[in-house]
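Participant: Once you've had a glance at the structure underneath, I'll fire off some questions.
Coordinate-derived values only; no laboratory data. From a predicted model like this one, the values you see are computed outputs, not experimental measurements. Cβ: placed from backbone, ideal geometry, glycine included. Neighbour counts: every protein chain shown.
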Amino acid sequence: MTDLQGNTFFEGPAGQIEAILKVPAGDVTRAAIVCHPHPLFGGTMHNKVVFRIARSFQDAGFAVLRFNFRGVGQSEGKHDEGLGEQDDLRAAIRVIKEKYPGAEIWLAGFSFGSAMMLRSSACDPRIRALIAAGVPVSKYDFTQIAKCGKPKLFVQGSLDEFGSTEGLRKLFDVLDEPKQLKVIEGADHFFEGHLAELSQTVAAFIASVEAVS
């Protein structure tokens, strides 16, 4: 495995995975992994929503890993309809756990990335908290995460064309506490014109979890 720092690679189940790791000064006590939107529609780790979420974690002092799912950018393999991509995320968790064995690990994802995160790792005991933005509730079944009792933030635009707020509220209502839901009025799936509010929401959630830790 290449030493993780800056632009790098780590070994995934379908070959090397391209990644970017940003590390704070000093000891790393918290690390976040942020997952990107759908690969077949231009989604990469450089997506602006992914970048904004990652930046909020960086500003809070986290080490932050973004990576390209298989078949995206320089990541090896090919798109696997959301099955192998879940294994890619599990590989990322393993790598971060090995590099920072004492650190809390948080997960975040946007759109397809939020679905991969929720479906693969929401109940993983190694994960401290979850942030899901632009959840495509009309595309995937999330019933298996109902009893995952860890801090969860859902952020959705009121005009999201891939996940209605009504559908997300139905999911949200059956989830265990602690949980938060923020609907950003006037925002579409990509939070156009509302990225600052998204960043503020993520930062506030991080602070709220830290306050009760």
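Participant: Taking into account only those residues within the range 38-71 that are aromatic (F, W, Y) and out of contact with any Pro (no Cβ under 8 Å at 6 or more places or on another chain), which is surrounded by the most Cβ atoms within 10 Å (Cβ to Cβ)?
Facilitator: Filtering the range 38-71 for residues that are aromatic (F, W, Y) and out of contact with any Pro (no Cβ under 8 Å at 6 or more places or on another chain), the one surrounded by the most Cβ atoms within 10 Å (Cβ to Cβ) comes out as F67.
Participant: So, one more: Could you say which residue among F190, F172 is aromatic (F, W, Y) and touching a residue at least 24 places away in the same chain (Cβ under 8 Å)?
Facilitator: Selected residue: F190, the only one of F190, F172 that is aromatic (F, W, Y) and touching a residue at least 24 places away in the same chain (Cβ under 8 Å).
Participant: Contact list please: Cβ distance under 9 Å, first residue in the range 8-32 and in a loop (DSSP other than H, G, I, E, B), second residue crowded, with 21+ Cβ neighbours inside 10 Å and of a type in the set (F, W, Y), pairs at least six apart or on different chains.
Facilitator: P24/F62; V28/F62; T29/F62
Participant: Checking the condition closer than 25 Å to P125 by Cβ and without any contact (Cβ under 8 Å) to a residue 40 or more places away in the chain, which residue from L83, L40, L89 passes?
Facilitator: Working: L40 fails: closer than 25 Å to P125 by Cβ; L89 fails: without any contact (Cβ under 8 Å) to a residue 40 or more places away in the chain.
That would be L83, the only listed residue that is closer than 25 Å to P125 by Cβ and without any contact (Cβ under 8 Å) to a residue 40 or more places away in the chain.
Participant: Out of all the residues in the range 117-166, which are under 28 Å from E98 (Cα atoms) and assigned to a loop (DSSP other than H, G, I, E, B)?
Facilitator: A122, C123, D124, P125, R126, K147, C148, G149, K150, P151
Participant: Could you please let me know if Q58 is of a type in the set (S, T, N, Q), free of Cβ contacts under 8 Å to residues at least 60 places away in the same chain and either within 18 Å of V202 (Cα to Cα) or in contact with a Leu (Cβ under 9 Å, 6 or more places away or on another chain) (or both)? I'd like the intermediate steps shown before the answer.
Facilitator: Working: of a type in the set (S, T, N, Q): yes; free of Cβ contacts under 8 Å to residues at least 60 places away in the same chain: yes; either within 18 Å of V202 (Cα to Cα) or in contact with a Leu (Cβ under 9 Å, 6 or more places away or on another chain) (or both): yes.
Yes.
Participant: Still on this structure: Scan (1) aliphatic (A, V, I, L, M); (2) over 23 Å from S213 (Cβ atoms); (3) assigned to a strand (DSSP E or B) for the single condition L181 breaks and write down its number.
Facilitator: For L181, the exception is condition (2).
Participant: Taking the range 72-107, which residues are in contact with a Lys or Arg (Cβ under 9 Å, 6 or more places away or on another chain), surrounded by fewer than 18 Cβ atoms within 10 Å (Cβ to Cβ) and not in a helix (DSSP H, G or I)?
Facilitator: Listed by number, the residues that qualify are E76, K78, H79, D80, G82.
Participant: Kindly list the number of the only condition in (1) under 22 Å from S121 (Cα atoms); (2) touching an Asp or Glu at 6+ places or on another chain (Cβ under 8 Å) that fails for S158.
Facilitator: Of (1) under 22 Å from S121 (Cα atoms); (2) touching an Asp or Glu at 6+ places or on another chain (Cβ under 8 Å), only one is false for S158: (1).
Participant: Among G163, G193, G157, which is the only one that is over 29 Å from R94 (Cα atoms), small (G, A, S), surrounded by 13 or more Cβ atoms within 10 Å (Cβ to Cβ) and out of contact with any Ser or Thr (no Cβ under 8 Å at 6 or more places or on another chain)? Full working, then the answer.
Facilitator: Details: G163 fails: out of contact with any Ser or Thr (no Cβ under 8 Å at 6 or more places or on another chain); G193 fails: surrounded by 13 or more Cβ atoms within 10 Å (Cβ to Cβ).
Testing whether each residue is over 29 Å from R94 (Cα atoms), small (G, A, S), surrounded by 13 or more Cβ atoms within 10 Å (Cβ to Cβ) and out of contact with any Ser or Thr (no Cβ under 8 Å at 6 or more places or on another chain) leaves just G157.
Participant: Would you check if there is a residue in the range 47-69 being within 23 Å of F162 (Cα to Cα), in contact with a strand residue (DSSP E or B) (Cβ under 7 Å, 6 or more places away or on another chain) and assigned to a loop (DSSP other than H, G, I, E, B)?
Facilitator: yes
Participant: Let me ask something else about it. Exactly one of these conditions fails for R169: (1) outside any loop (DSSP other than H, G, I, E, B); (2) loosely packed, with under 14 Cβ neighbours inside 10 Å. Give me its number.
Facilitator: The failed condition is (2).
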